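Written out below as structure tokens is the structure these notes cover.
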Amino acid sequence: MSSIINTLNQAQIDSIKYIQGPCLVIAGAGSGKTRVITHKIAYLIEQGFSPKNIAAITFTNKAAKEMQERLAGLIQDKKVLKQLTVCTFHALGLKFLKLECEHLGLKPNFSIFSSDDVYSVIQDILASTDKNIIKNIAHYISYFKNQLYTPSQAISYAQTAGDNEFLHQAANIYEIYQNTLKAYQAVDFDDLIKLPCELLKSNPNLQIKWQNMLRYILVDEYQDTNLCQYELLKLLAGNPSEKVPLFTAVGDDDQAIYAWRGASSDNLDKLNADFPSLKVIKLEQNYRSTNNILNAANQLISNNTKLFDKKLWSEHGMGDDVSLYAMNDEEHEAESIIFRISAHRFECKTDWSEYAVLYRSNYQARLLEKILRRESIPYTLSGGQSFFEKAEIKDICAYLRLIYNSNDDPAFIRAVNTPKKGVGSTSLAKLGELAGKMKCSLFDACFLNMLETEINKQALYSLREFVNFVNEINEKAKHEPASLLLDEMLKYINYEAYLYEHYDEKIAANKWENTTEFINWLKSKGSSEASIDADGVEFGSQDGLSAKPKNLLELTQMIALMTILEGKNDNKNHGVQLSTLHASKGLEFGHVYLLGAEEGILPFNNGEDKSSDIEEERRLMYVGVTRAKRSLHISWCKQRRKNGEKISIEPSRFLQEMNLNTNIDKKAKVNPLSYLEMMKAMLN
DNA sequence: GAAAATAGCTTTTTT
DNA sequence: AGCTATTTTC
């Protein structure tokens with residue numbers, strides 16, 4: 001350990017060695033925050049903490065995975081690694097609920113509803129199809145849960161909060177929504193945090209049990225926590241055998257860019273108030289960028305009101321000036337950026353993957369993609385649709401969910417409709433009516449005798465065959481290996497034929513490929529007890545806190561929390577990286593091209609709609625600027641096409657704030673089009 | 001009058 | 001790229 005400590009700076013060492021009480025590490029961009037967390041875990045173990053009692057909590061699966069990999073490089077003992085809890089907030093909540101669900105009247109086989117399921121539940125409750133209304137109401141219900149409001153608290157909150165129609169409607173259906181989820185034996189993502197919170201608060205014995213289990217907690221990206229997550233941290237971190245709660249929160253208020261989805265960097269401030277003995281340590285040495293880049297970043301962010309003052313610096317010298325380009329329009333901008341990347345790469349013999357183009361909104365990638373394709377330049381588009389959002393994957397998941405939990409009505413509806421089984425909307429409506437009357441699930445309603453007089457013979461026969469099949473697989477899942485069942489299931493639903501029937505051959509082939517990939521992945525996860533992956537170690541403590549999913553049924557629940565299929569990341573680092581500013585957080589690139597630095601885009605402003613939070617927009621720009629290691633190129637367009645006509649655009653106010661050496665109106669020195677031709681000639 | 005083609009428009013995204 | 005509103009076409 002001491003040799004490891006030698007490679008760290010003083011602030012990092014202080015952060016690691018302070019284990020006597022609550023600790024807040026303000027970790028600037030590129031200051032080695034993951035390093036601090038992983039080394040601190042190693043240090044805690046060295047100091048006698050049992051790895052079983054240490055939990056590191058992240059926000060994304062990706063961050064959790066990275067943390068696990070970094071820990072595996074630091075701690076050789078595989079046994080120790082396995083005992084650690086390294087997971088997302090939601091995965092921790094799921095583990096908690098799986099173990100303690102009996103206290104909540106929830107069966108262990110509860111379903112986890114995705115935002116789509118939530119959407120359809122609200123749609124049913126409102127009996128409305130207005131997308132805008134449903135989305136707003138879903139948002140407010142999520143807000144209530146993050147605030148830990150009961151339905152009656154939500155109603156009184158709505159009354160004091162003025163005349164927001166969506167808010168009132170959301171408060172009014174909140175209780176119905178909760179009851180609906182309960183009837184489905186389902187929880188939504190917010191419940192994974194909120195329910196453990198409520199249970200711990202109301203059950204002191206349980207709280208002591210969990211506090212003893214999680215004696216030291218480390219939270220990554222702490223500025224992204226919402227109220228509910230902070231409450232959970234407080235409930236778990238209080239340690240009955242210690243005088244003070246033991247935890248380390250690592251975060252950066254300057255990189256808080258998720259306020260719009262409930263994160264509150266006020267939680268940094270709250271730590272100070274709630275824990276008077278809080279030790280605050282700032283990490284200001286940056287290991288990523290040159291000082292020209294850091295100065296621009298420091299200047300920019302100094303315009304925000306701040307909780308913690310900090311100034312990034314590095315030992316990497318001044319480096320190149322940050323360059324600023326005023327472009328004629330978006331085409332000029334995109335062409336110019338691609339040209340400059342091509343030229344730079346040609347000159348410096350670098351790899352395409354050293355370059356990143358960052359933008360505020362997804363649609364801005366479209367033009368870039370068009371040009372990159374035209375020039376046959378490899379690129380990777382980050383973000384986009386996740387694997388689990390694809391319709392074909394959701395179809396398969398619907399079957400799995402229904403097999404797992406027959407009360408899961410949204411899964412029932414999806415499964416019974418894809419592929420169509422001769423049960424039309426009229427029959428389904430009758431079935432739903434009956435289920436409502438009898439207060440049972442759609443699945444159970446299929447067995448009712450009354451159904452026979454309600455719907456036609458063919459539909460009844462199909463329904464009964466369908467539910468019998470589901471029951472059969474559920475029964476078999478207890479003994480038979482997952483791989484056999486998955487094949488049987490696919491064969492029964494005849495999914496491949498369905499795809500080719502409903503889509504163009506090319507699209508169908510692609511969808512089927514995704515399906516088989518998913519099924520194979522399930523097989524590999526479900527059958528063997530493979531605890532060691534090709535590329536990483538699975539973590540989890542022996543006490544069941546992080547039990548490894550073994551059969552098909554257990555696997556089903558975990559799927560809901562997963563995002564991108566691991567192993568699909570092979571090509572992730574190939575080619576020019578195109579990314580939104582949000583998705584770029586946590587990453588770094590040799591050369592960064594930040595486009596669309598214009599009023600209305602960055603900071604974003606949607607005309608008459610409530611104008612965005614300028615400070616958050618500034619932080620977003622700050623995140624983009626601090627991604628760059630060697631060079632940073634910012635551009636803006638004087639004109640942009642909107643509603644078919646060109647409008648004049650003002651440069652972003654952030655450009656002045658950065659106090660760059662370059663004039664904002666500086667013209668691009670070259671005609672990018674002719675140079676592109678030249679490059680092509682050179683490369684051929 | 002209904003289907004098909006086309007034009008226009010996107011905030012940010014995780015669990 | 002994907003969704004919607006509008007226009008075109010038969």
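Quick look at the numbers
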| quantity | calculated |
| --- | --- |
| Rounded Å value of the spacing that divides the Cα centres of the stretch A:87-126 and the stretch A:129-171 | 20 Å |
| Net +/- balance of residues flanking A:ILE473 in space, Cβ distance below 10 Å, scoring K and R +1, D and E -1 | -3 |
| Charge context of A:ASN292, other residues only, Cβ under 15 angstrom, K/R +1, D/E -1 | +2 |
| Dipole moment magnitude, nearest 20 debye, the stretch A:404-526 about Cα centre, only Lys, Arg, Asp, Glu C-beta charged | 220 debye |
| Dipole of the stretch A:375-529 [Lys/Arg +1, Asp/Glu -1 at C-beta], most positive-end residue of A:PHE466, A:TYR495, A:SER427 | A:SER427 |
| Added length on full extension, which subtracts the Cα-Cα distance from 0.36 nm per residue, A:TYR287 to A:ASN164 | 39.6 nm |
| Value at 222 nm in deg cm²/dmol, rounded to 500, when DSSP H runs of n ≥ 4 in chain A each add -39,500 (n - 2.57) | -15500 deg cm²/dmol |
| Label-point gap, in nm, between A:HIS502 and A:LYS642 - each point 7 angstrom along Cα→Cβ | 3.9 nm |
| Model label zone, A:ASP77; criterion: amide N under 17 Å from point 7 Å along Cα-to-beta-carbon; scope the stretch A:27-66 | A:39-55 |
| Stretchable slack from A:GLU433 to A:ALA509, in nm (0.36 nm times residue separation minus alpha-carbon distance) | 23.5 nm |
| Environment charge of A:GLN123, counting only residues whose C-beta is closer than 15 Å and scoring Lys/Arg +1, Asp/Glu -1 | -3 |
| Positive dipole terminus of chain A, leading residue within A:ASN303, A:LEU81, A:ILE193 (C-beta point charges) | A:LEU81 |
| The stretch A:111-224, dipole about Cα centre (Lys/Arg Cβ +1, Asp/Glu Cβ -1), debye to the nearest 20 | 460 debye |
| Only Lys, Arg (+1) and Asp, Glu (-1) charged, at Cβ; the stretch A:189-268 dipole about Cα centre in debye | 540 debye |
| Pairwise centroid distance, computed over Cα atoms, of the stretch A:223-240 with the stretch A:256-276, Å | 11 Å |
| Inter-label distance, nm, simple model (7 Å from Cα along the C-beta direction), A:GLU46/A:TYR18 | 1.9 nm |
| FRET efficiency, A:ARG374 to A:GLU650 (Cβ-Cβ, R0 35 Å, nearest 0.05) | 0.70 |
| Longest segment of chain A lacking GluC sites (Glu not before Pro) that sit in a DSSP loop with at most 10 other Cβ atoms within 10 Å | A:1-314 |
| Listed residues A:ILE13, A:ASN605, A:PHE447: farthest to the positive end of the dipole of chain A (Cβ charges) | A:ILE13 |
| Normalised contact order of the stretch A:43-200, rounded percent, pairs of Cα under 8 Å and 6 or more residues apart | 26 percent |
| Protection-proxy order for peptides A:72-80, A:407-415, each taking the mean of Cβ atoms within 10 Å per residue, highest first | A:407-415, A:72-80 |
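Readers should treat all values here as calculations from the given coordinates under stated rules, not as data from a laboratory. No experiment lies behind these values; they were computed from the predicted model shown. In this analysis, Cβ positions are derived from the backbone assuming ideal geometry, glycine residues included, and neighbour counts consider all displayed protein chains.
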